[in-house]
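The values are calculated or read from the model by the stated rules, or taken from the named source; none is laboratory data. This is a predicted model, so every value here is computed, not measured. Ideal geometry is used to build each Cβ from the backbone, glycine not excepted, and the neighbour counts take in all protein chains shown. What goes into the accessible areas is simple: the full protein's heavy atoms, side chains included, and nothing from ligands, DNA or RNA. Shrake-Rupley method; radii C 1.70, N 1.55, O 1.52, S 1.80 Å.
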Amino acid sequence: ATSLLWRQPAQALLRARTSHGCVLSAQCFASTYTTSTTSSDDTTPALTPLQRARLSLQAAAGALADPSRADLVAALGETTGDFALRAMARRLNNTPHGRGILETQPLFDDAFYDACARAPPSTLGAAYHTFMTKRGFHPSERPAVRYVSNDDARGVAGDLKYVMLRYRQGGGILQVL
């Protein structure tokens, strides 16, 4: 019953069209929220506060209607998690180990995934590989970080896009635990 309270309004919003006439989708996000002024990394749309709020609401409605839409869940996290993301970056910068992570920027990539496949059965790596395989996920298939800009760091050292990506990657490990 509780899911119906969220699902019906969310499905109605999914059917609604944006001012550009496209249905809520990854393609719609790309066309609707890319403006003429982009950040220096050329992959992050420069969003006004109103566009960011609109994107957040659309992503939330879509993710509630269909939680398997990783692109919508990712867009929601990127557009609403600014404070937490900056706090994580500051905490990483406060320790030598954290600064080392930000400098080297290790990833859960194909090599890591392959190493997990070869890990002994009772290890976290093996459990992670089993979890990802059973669900048909692969670390390299995560949606790209699109709505976080390193240009907006405002004094926070470190790559905010990288921090967001690692946050997502760490989510897979946390689900295993």
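Here are the numbers:
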read-out	value
The lone exception for Asp110 - which of (1) farther than 13 Å from Val163 by Cβ; (2) free of Cβ contacts under 8 Å to residues at least 24 places away in the same chain; (3) charged (D, E, K, R); (4) surrounded by 11 or more Cβ atoms within 10 Å (Cβ to Cβ) it fails	(2)
Considering residues of the range 46-85 that are of a type in the set (D, E, K, R) and open to solvent by 20 Å² or more (accessible area, probe 1.4 Å) only, the residue farthest from Pro143 (Cα to Cα)	Arg54
Criterion (aliphatic (A, V, I, L, M) and in a loop (DSSP other than H, G, I, E, B)) met by exactly one of Leu76, Leu92, Leu107	Leu107
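Conditions (1) without any contact (Cβ under 8 Å) to a residue 40 or more places away in the chain; (2) closer than 29 Å to Ala46 by Cβ; (3) in a helix (DSSP H, G or I), marked per residue:
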position	(1), (2), (3)
Asp71	no, yes, yes
Leu102	no, yes, yes
Asp114	yes, no, yes
Ala126	yes, no, yes
Thr130	yes, no, yes
Gly136	yes, no, no
Arg146	no, yes, no
Val163	no, yes, yes
Tyr167	no, yes, yes
